[in-house]
Amino acid sequence: MEYLLVKFQESRGVIIDGASEGMTNQVLELETGFHSVTLEAPPDFTPELHEFILRKTSVISPKVISFEKA
């Protein structure tokens, strides 16, 4: 398993590969491989989407991506 931390200034649902998978600012557990991540509405954030390959992470050292308020 791999680990991802999606940062945003407020709590917001996280959509990974088209499905709701948790909340921002919490470590999420995912399969190794390619993923696309966005946030739930309203669309008041940037970038619109992050795409990346997730590998070589741990619960204490997750991949960190950030969204900013637009």
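The values are calculated or read from the model by the stated rules, or taken from the named source; none is laboratory data. Keep in mind that what you see is a predicted model, and the values were worked out from it rather than measured. Using ideal geometry, Cβ is built from the backbone for each residue, glycine included, and neighbour counts are taken over all protein chains shown.
Among residues of the stretch 22-47 that are in contact (Cβ under 8 Å) with a residue 40 or more places away in the chain, those with a Cβ under 8 angstrom from a residue that is surrounded by 15 or more Cβ atoms within 10 Å (Cβ to Cβ) and not charged (D, E, K, R), sequence gap 6+ or separate chain, pair up as 24/6; 24/8; 24/14; 24/39; 24/67.
Would you call residue 54 within 9 Å of the chain's Cα centre (by Cα), of a type in the set (A, V, I, L, M) and modelled with pLDDT of 95 or more? Criteria not met by residue 54.
Within the stretch 51-60, restricting attention to residues that are part of a strand (DSSP E or B) and in contact (Cβ under 8 Å) with a residue 40 or more places away in the chain, the residue that is surrounded by the fewest Cβ atoms within 10 Å (Cβ to Cβ) is 58. Residue 32 meets each of the listed conditions (1) under 13 Å from the mean Cα position of the chain (by Cα); (2) surrounded by 11 or more Cβ atoms within 10 Å (Cβ to Cβ) apart from (1).
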